[in-house]
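Some notes on the structure that comes next.
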Amino acid sequence: MNSNGKSMQGFTFVDPERVEQIFSQYPDKKSATLPLLHLAQSQHGYISNSVINTIADLVDCHPAIVMDCVSFYTMLYTKPQGRHIIQVCQTLSCSLNGADSLVDHVMDKYEIKPGETTADDRFTLMKVECLGSCGTAPVVQINKEYHEGLSTQNFDKLLESFE
Ligand code: FES
């Protein structure tokens, strides 16, 4: 492995300049682990074993330490995801305001359970903890965008807008 992200282990960063830029922002290599994981996921779609090995090599640590980081953050995915990730908040405000019926709707309509992806890779469904917008419950995050105060009907319309 060289310092610009080239790896002999199956994963290579496509933007070595960005890798260098990330390293330049931190006092030591290990501190760059999380931003490198985000960069890898944006390129690769998820954190595979080869991504973990490449990053461990880059930051000079054991792959288990990188895996510790990956397993701590729910926004890092260890398997391929659908094109659109539906995250339904399950914490108190959302739960009291119908989040369960939104999850049930996705489960019935697309025949997937939380943690699963549709056969056509269109959607992945997740139940998540508080998204920080409790006053507009129930809240669903699809990809990076929040959708608030959803009823089953407008949620259904929203889902149809994603291909
Ligand atoms: S409880 Fe759902 S956003 Fe906080």
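Can you tell me which of (1) closer than 24 Å to E163 by Cβ; (2) in a loop (DSSP other than H, G, I, E, B) is the one T78 doesn't meet?
Status for T78: all satisfied but (1).
Is it the case that E145 is of a type in the set (D, E), within 11 Å of the ligand (Cβ to nearest atom) and under 14 Å from the mean Cα position of the chain (by Cα)? Before the answer, list the steps.
Details: of a type in the set (D, E): yes; within 11 Å of the ligand (Cβ to nearest atom): no; under 14 Å from the mean Cα position of the chain (by Cα): yes.
So E145 does not fit the description; no.
Okay, residues lined up against (1) touching a strand residue (DSSP E or B) at 6+ places or on another chain (Cβ under 8 Å); (2) exposed (fewer than 14 other Cβ atoms within 10 Å of the Cβ); (3) not aliphatic (A, V, I, L, M):
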| position | (1), (2), (3) |
| --- | --- |
| Q43 | no, no, yes |
| D60 | no, yes, yes |
| L76 | no, no, no |
| H84 | yes, no, yes |
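Do we find that K113 is within 18 Å of P80 (Cα to Cα), modelled with pLDDT of 95 or more and within 16 Å of the ligand (Cβ to nearest atom) in this structure?
Values: within 18 Å of P80 (Cα to Cα): yes; modelled with pLDDT of 95 or more: yes; within 16 Å of the ligand (Cβ to nearest atom): no.
It is false that K113 is within 18 Å of P80 (Cα to Cα), modelled with pLDDT of 95 or more and within 16 Å of the ligand (Cβ to nearest atom).
Criterion first (at pLDDT 95 or above, within 16 Å of the ligand (Cβ to nearest atom) and within 17 Å of the chain's Cα centre (by Cα)) does V88 satisfy it?
On the way: at pLDDT 95 or above: yes; within 16 Å of the ligand (Cβ to nearest atom): yes; within 17 Å of the chain's Cα centre (by Cα): yes.
So V88 fits the description; yes.
Picking from D121, D100, which residue would you name as being within 16 Å of the ligand (Cβ to nearest atom) and either hydrophobic (A, V, I, L, M, F, W, C) or outside the structural domain of T33 (by TED's automatic domain parsing) (or both)? Give the derivation first.
Details: D121 fails: within 16 Å of the ligand (Cβ to nearest atom).
Result: D100 is the single residue among D121, D100 that is within 16 Å of the ligand (Cβ to nearest atom) and either hydrophobic (A, V, I, L, M, F, W, C) or outside the structural domain of T33 (by TED's automatic domain parsing) (or both).
Report the residue count in segment 91-111 for those that are surrounded by fewer than 19 Cβ atoms within 10 Å (Cβ to Cβ) and closer than 23 Å to L76 by Cα.
The total comes to 2.
State whether one or more residues within segment 33-41 are of a type outside the set (S, T, N, Q), under 20 Å from M75 (Cα atoms), at pLDDT below 95 and not assigned by TED's automatic domain parsing to the domain that holds D121. Show your work before the answer.
Going residue by residue through segment 33-41, those that are of a type outside the set (S, T, N, Q) are 34-40.
Pick out the ones that are also under 20 Å from M75 (Cα atoms) and you get 34-40.
Filter once more, keeping what is at pLDDT below 95: none.
No, that holds for no residue.
Can you name every residue in segment 64-74 that is buried (at least 18 other Cβ atoms within 10 Å of the Cβ) and not in a helix (DSSP H, G or I)?
None; the set is empty.
The values are calculated or read from the model by the stated rules, or taken from the named source; none is laboratory data. All values derive from a computational prediction rather than experimental measurement. Every residue, glycine among them, receives a Cβ derived from its backbone with ideal geometry; neighbour counts consider all protein chains shown.
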